[in-house]
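*Asks:* Encoded as C-alpha cells, here's the structure I'll be asking about.
The values are calculated or read from the model by the stated rules, or taken from the named source; none is laboratory data. All values derive from a computational prediction rather than experimental measurement. Cβ atoms come from the backbone with ideal geometry, glycine included; neighbour counts cover every protein chain shown. Just the protein is used for accessible areas: all its heavy atoms, side chains included, with ligands, DNA and RNA removed. Shrake-Rupley method; radii C 1.70, N 1.55, O 1.52, S 1.80 Å.
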Amino acid sequence: MNYVFQFNVVWEHFPELLTGALLTIQLSATAMVLGLCVAVLCAYGKTAGPRPVRWLVTSYVELIRNTPFLVQIFIFYFSLPVIDIRLTANNAALVAMTINLGAYASEIVRAGIEAIPVGQIEAARALGLKRLHIFRLIVIFPALKTVYPALASQFILLMLSSSVVSTISAVELTAITNSLQSTTFRAFEFYFVATGLYLAMALGFRASLSAIYWAVFVRGRGA
Amino acid sequence: MGRSFGLNEFLYLLKAIPWTLLLSLGALIGGAIVGLFIAILRTAPSRVLRGLAIGYIELFQGTPVLMQLFVTYYGLAVIFDIQVDAWPAVLLAFTLYSGAFLGEIWRGSIQAIPRPQWEAAACLSLSLPKQLWYVILPQAARISIPPTVGFAVQLIKSTSIAAIIGFIELTRAGQLMTNATFKPMIVYPIVAVLYFIICWPLSLLAQHLERRIDATLGVKRHF
C-alpha cells in the first residue's frame with residue numbers, strides 16, 4: 001500500500017459537498033411528504049375502496065416493491081420521453097422517489113389502519129359519521145402513530161437510495177461527489193467523506209423525525 | 001439507424017440474469033457468515049462487543065449502498081495499488097452490506113427465543129457457545145427464515161446498483177441494449193418485468209412462510 005491520502009483537496013471543496021447534501025435533503029424531504037400523501041390515499045383505497053381500486057393498488061404496490069429502484073428511475077427518465085412525457089432529471093428523480101416511497105409506505109400505513117380496533121369505527125358509524133369523516137377524524141392519526149417508527153425507517157431508506165438518482169444526472173450529493181472526484185482524481189477520499197455526510201444526514205433525519213413525532217403525536221392533538 | 005430490439009437483444013438480457021443471481025447468492029452466503037458473527041456479537045454479554053456490532057450495523061444501514069460500493073471499489077485500489085476488477089469489489093461491498101442487515105434480522109430472532117431456554121441449557125452445564133449452537137440457534141433459525149427470504153428480495157434488487165460501476169448484470173445489460181438500440185421504452189420495462197419475475201415469487205414465499213410461522217407460534221394477526 002503506497003497510496004498517500006490527500007484529504008486537504010476534499011476540505012477545499014467541502015462547501016460544494018455541503019451544497020450537495022442540502023440538495024439531497026431537499027429532494028428527500030419533498031419526496032417524503034408527497035410519498036406519504038400517495039401512501040395514505042393508496043392505503044385508504046386498499047382498505048375501504050371498491051374491488052377494482054383495491055386490485056389497482058395491490059398491483060401498483062407489488063410492481064414497485066419487486067423491481068429495483070434504479071430501473072424505475074431509468075423508466076421515468078429514459079423511457080417516458082418516448083411517449084412525449086419529458087421530465088428534467090431532478091423532476092424525474094422526485095417522481096420516481098415519490099412513487100417508490102408511496103408503494104412501500106402504503107403497506108405500512110395499511111397495517112396501521114387495520115390495527116385500529118373495529119369498535120372505534122363502529123362507534124363512529126353509530127354517531128352518523130360518513131366514511132371519509134371516519135377515516136379523517138378517527139382512523140388516520142392513530143394509524144400513523146402506531147406505524148410511525150416503521151415509516152421513519154422507510155423515509156431514511158428513501159433518503160439513502162436517493163444517491164442512485166445521480167445516474168440520471170439529477171443534482172444531489174452523489175452527483176456532485178462524482179464530478180469533484182473526476183476533476184481531482186481523489187476518488188477514495190471524496191467518496192469516503194460523502195459516505196460520512198450520508199451517515200450524518202441519516203442520523204439527522206432520524207432525530208428530526210423523532211422531533212416531528214413528539215410535536216404531532218405527543219404534544220399535539222393528533223391521536 | 002441503430003439496431004432493432006429483436007430476439008438476440010432479448011437473449012442478451014436473459015444471459016445477464018445469472019450474473020445478477022450469482023452476485024446475490026454470493027453476497028447472501030458471504031453476508032450470512034458476517035451476519036451470524038454480527039448477530040452473536042450483538043447479543044454478547046460484553047458491552048464492548050455489542051457496541052462494535054451496533055457500530056457496524058449503523059455504518060452499513062446508515063449509508064447508501066452506492067457509496068459503500070464506491071468506497072470499496074476505490075478502497076481496494078488504494079490497498080492493492082492497482083485498479084481491481086469490478087467483480088471482487090461488488091461482491092465484497094454487497095457481502096458487507098447484507099452482513100449488516102442479516103445480522104440485525106438474526107439478532108431479533110435470537111432475542112425472540114425465551115430466556116428460560118438459555119437458563120435450561122446452562123442447567124445442563126453447556127458452555128455459552130454450546131448453548132448458542134445446540135439450543136438457541138436451531139430455534140432462532142426457524143423464526144428467521146421468512147425475513148431472510150424477504151431480505152433476499154431486497155438484495156437482488158439492490159445488486160442493480162452494481163451496474164453503476166460497470167459490473168455487467170441485468171440492469172447494466174439493459175443499459176447496453178438501450179445504447180445499442182435506442183429503445184428505452186422497450187428495454188427498461190422488459191428489464192423491470194424480468195426482475196419482477198425473479199422477485200415476486202420470493203416475496204410471496206416470504207409472506208407464506210411468515211403466516212405459517214405465526215400459525216405455529218400462535219401469533220394473532222389483525223390482517
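*Asks:* Can you give me the number of residues within region A:1-53 that are of a type in the set (V, I, T), under 14 Å from the mean Cα position of the chain (by Cα) and exposed (fewer than 15 other Cβ atoms within 10 Å of the Cβ)?
*Replies:* Summing the residues that are of a type in the set (V, I, T), under 14 Å from the mean Cα position of the chain (by Cα) and exposed (fewer than 15 other Cβ atoms within 10 Å of the Cβ) in region A:1-53 gives 2.
*Asks:* Within region B:80-91, is even one residue of a type in the set (D, E, K, R), within 28 Å of A:Y3 (Cα to Cα) and either crowded, with 20+ Cβ neighbours inside 10 Å or within 13 Å of chain A (Cβ to nearest Cβ) (or both)?
*Replies:* yes
*Asks:* Something else about it: Within the set of pairs 6+ apart or on separate chains, which have a first residue in region A:1-24 that is within 15 Å of A:A187 (Cα to Cα), a second that is at pLDDT 90 or above and among the polar types (S, T, N, Q), and C-beta atoms under 9 Å apart?
*Replies:* A:L17/A:T177
*Asks:* Let me ask another. Please count how many residues of region B:162-171 are open to solvent by less than 20 Å² (accessible area, probe 1.4 Å) and either assigned to a helix (DSSP H, G or I) or within 11 Å of another protein chain (Cβ to nearest Cβ) (or both). Steps first, please.
*Replies:* Keep residues of region B:162-171 that are open to solvent by less than 20 Å² (accessible area, probe 1.4 Å), which gives B:162-163, B:167, B:169-171.
Now restrict to residues that are either assigned to a helix (DSSP H, G or I) or within 11 Å of another protein chain (Cβ to nearest Cβ) (or both): B:162-163, B:169-171.
Looking only at that region, the number is 5.
*Asks:* Would you confirm, using the coordinates I've provided, whether A:A105 is within 25 Å of A:T167 (Cα to Cα) and touching a Phe, Trp or Tyr at 6+ places or on another chain (Cβ under 6 Å)?
*Replies:* Considered against the rule, which asks whether it is within 25 Å of A:T167 (Cα to Cα) and touching a Phe, Trp or Tyr at 6+ places or on another chain (Cβ under 6 Å), A:A105 comes out as no.
*Asks:* Could you tell me whether region B:142-155 includes any residue that is facing chain A (nearest Cβ under 9 Å) and assigned to a helix (DSSP H, G or I)? Give the steps one after another, and end with the answer.
*Replies:* The first filter runs over region B:142-155 and keeps only residues facing chain A (nearest Cβ under 9 Å), leaving B:153.
Checking which are assigned to a helix (DSSP H, G or I) leaves us with B:153.
Looking through region B:142-155, at least one residue is facing chain A (nearest Cβ under 9 Å) and assigned to a helix (DSSP H, G or I).
*Asks:* Now a separate question. Could you give me the residue pairs with C-beta distances under 8 Å whose first residue belongs to region A:50-78 and is within 13 Å of chain B (Cβ to nearest Cβ) and farther than 17 Å from A:S106 by Cβ, whose second residue is basic (K, R) and assigned to a helix (DSSP H, G or I) wherever it lies, and which are 6+ apart or on separate chains?
*Replies:* A:P68/B:K157
*Asks:* Are there helices (runs of 4 or more DSSP H) fully within region A:80-198 with at least 2 residues that are under 19 Å from A:A21 (Cα atoms) and open to solvent by less than 60 Å² (accessible area, probe 1.4 Å)? List them.
*Replies:* In region A:80-198, the matching helices (runs of 4 or more DSSP H) lie at A:89-114, A:140-161, A:173-184.
*Asks:* Okay, next question. Among what's in region B:32-63 and is in contact with a Lys or Arg (Cβ under 7 Å, 6 or more places away or on another chain) and open to solvent by less than 30 Å² (accessible area, probe 1.4 Å), pick the residue that is nearest to B:R115 (Cα to Cα).
*Replies:* Out of the qualifying residues, it is B:A44.
*Asks:* So, one more: Does region A:62-69 contain any residue that is acidic (D, E) and surrounded by 18 or more Cβ atoms within 10 Å (Cβ to Cβ)? Don't jump to the end; show me each part of the working.
*Replies:* Keep residues of region A:62-69 that are acidic (D, E), which gives A:62.
Next, only the ones that are surrounded by 18 or more Cβ atoms within 10 Å (Cβ to Cβ) stay: none.
There is no residue in region A:62-69 that is acidic (D, E) and surrounded by 18 or more Cβ atoms within 10 Å (Cβ to Cβ).
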